[in-house]
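Before any comments, here is the structure.
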Amino acid sequence: MSDIRSALEQKLTERSAKVAILGQGYVGLPLAVVFAEAGFEVTGIDPDTRKVAAIHAGESTRSTPTKPLLASCPAKIWPA
């Protein structure tokens, strides 16, 4: 178990861990942005294709103001 823990700690320290965030609402989207800004490769997934399209267009969704969050964020957001 310590080998797995050591490997994870190393990936987190080196920012080489890949992060997936399921749900891009008022919690998931800002979380994806924070991880991406910290240097992690982030993939966001949401089943609502309209929400994903709005995020890709830089538009605000009903629950999340996306323009300030995604202005320079490298997170990848995809439909489920």
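The residue that is farthest from E9 (Cα to Cα), counting only those in region 45-76 that are of a type in the set (K, R) and at pLDDT 85 or above, is R50. The single condition from (1) in contact with a Cys (Cβ under 6 Å, 6 or more places away or on another chain); (2) more than 18 Å from K76 (Cβ to Cβ) that V33 fails is (2). Residues that are of a type in the set (D, E, K, R) and surrounded by 14 or more Cβ atoms within 10 Å (Cβ to Cβ) were ranked within region 1-44; the one that is modelled with the lowest pLDDT is E37.
Among the residues making up region 1-37, those that are more than 20 Å from I55 (Cα to Cα) and of a type in the set (G, A, S) are S2, S6, A7, S16, A17.
The values are calculated or read from the model by the stated rules, or taken from the named source; none is laboratory data. Just so it is clear, the model here is predicted, and its values are computed rather than measured. Don't worry about glycine lacking a Cβ; one is built from the backbone with ideal geometry, like all the others, and counts go over all protein chains shown.
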